[in-house]
Amino acid sequence: MRLTDSHAHLHFSQFDADRDAVIERAREAGVTAILEVGVDLASSKAAVALAKQYDFISAAVGIHPHDAKLVNPKTLDQLRVLAHRPQVVAIGEIGLDYYRDRSPRPVQRRAFADQLALAAELELPVIIHSREAHDDVMEQLRGWKGRGVLHSYSAGPEHLDEVLELGFYVSISGPVTFPRADRLREAAALVPLERLLVETDSPFLTPVPRRGRRNEPALVRHVVEAVARARGAPAETVAQATADNLGRLFNILP
Ligand SMILES: [Zn+2]
């Protein structure tokens, strides 16, 4: 089974003690592509460095809504320079988070708009973080021309149509394995196969049966299997389609 992980943070300190072993386990588990995602300037640089070190890792650079206040003309210039590195395939993760509200909402919206503009200028797809902010995320995406993915989709099956109408992909993560996640499984079953991605969001959102421990890309298999069960499809079909989709959206060869 050819597995792919559309969203991981392997440069986080949780992996400092055994990063290479974690990446080796992913390779042994059949993971053929990992998208390593930055959340601020330093981690975006770290993502590029990791992607340089491993041929099956690609990088996304961007500033997370939690740190929206860091987005200014200077940091945008630094992101632009980084984004020209051959390992970089997307701008992300960017978006809005009204759950934690770590930056004021108007500041988040401005940072999101500025990074969407950067992605358009560079003709790169975007990786969107949207938490309790679906309507405002959609409003900003409707005014933007480009492609991308809603990472760790959590908005519910009733919001899928508007996401799909924009041409966006939907990435499903570990919570699809949780006992009480029926709405998420419903959404995972409704996404057209050609718009579906899977991810771990490592080190977070660890799937059952490892829930509560640190997540890692090798565990993406549990996400694929849960999505396949929800769709009544073979895991092989979901694995193959999500690998093809990752390759098409980010212009890489998984
Ligand atoms: Zn993330």
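The values are calculated or read from the model by the stated rules, or taken from the named source; none is laboratory data. All values derive from a computational prediction rather than experimental measurement. All Cβ positions, glycine included, derive from the backbone under ideal geometry; neighbour counts span all protein chains shown. Ligands, DNA and RNA are stripped out before the accessible areas are found, and what is left, the full protein with its side chains, is counted by its heavy atoms. Shrake-Rupley method; radii C 1.70, N 1.55, O 1.52, S 1.80 Å.
Brief remarks on what is shown
- Accessible surface for the range 56-136, divided over its residues, is 43 Å² per residue with a 1.4 Å probe.
- Heavy-atom accessible surface of the chain: percent carbon and sulfur, 1.4 Å: 49 percent
- The accessible area of F178, taken with all protein chains in place and a 1.4 Å probe, comes to roughly 40 Å².
- Cα gyration tensor of the chain - equivalent ellipsoid semi-axes, whole Å, descending: 25, 21, 17
- Evaluating 6.51 cos²θ - 1.76 cosθ + 1.60 at θ = phi - 60° for every residue in the range 179-188, the Karplus couplings come out as x, 9, 8, 4, 5, 5, 5, 4, 4, 4 Hz, glycine and proline recorded as x.
- Contact order normalised by residue count of the chain, Cα under 8 Å, 6+ apart, percent: 20 percent
- Within the range 82-209, the percentage of alpha carbon pairs spaced more than 26 angstrom apart rounds to 20%.
- Ordering S13, F56, P203 by Cα displacement along the dipole of the chain toward the positive end leaves S13 in first place; charges were set at the Cβ atoms of Lys, Arg (+1) and Asp, Glu (-1).
- Alpha-carbon gyration tensor eigenvalues x 5, square-rooted, for the range 1-96, Å: 24, 13, 12
- Solvent-accessible surface (1.4 angstrom probe) belonging to S58, in square angstrom, nearest 10: 20 Å²
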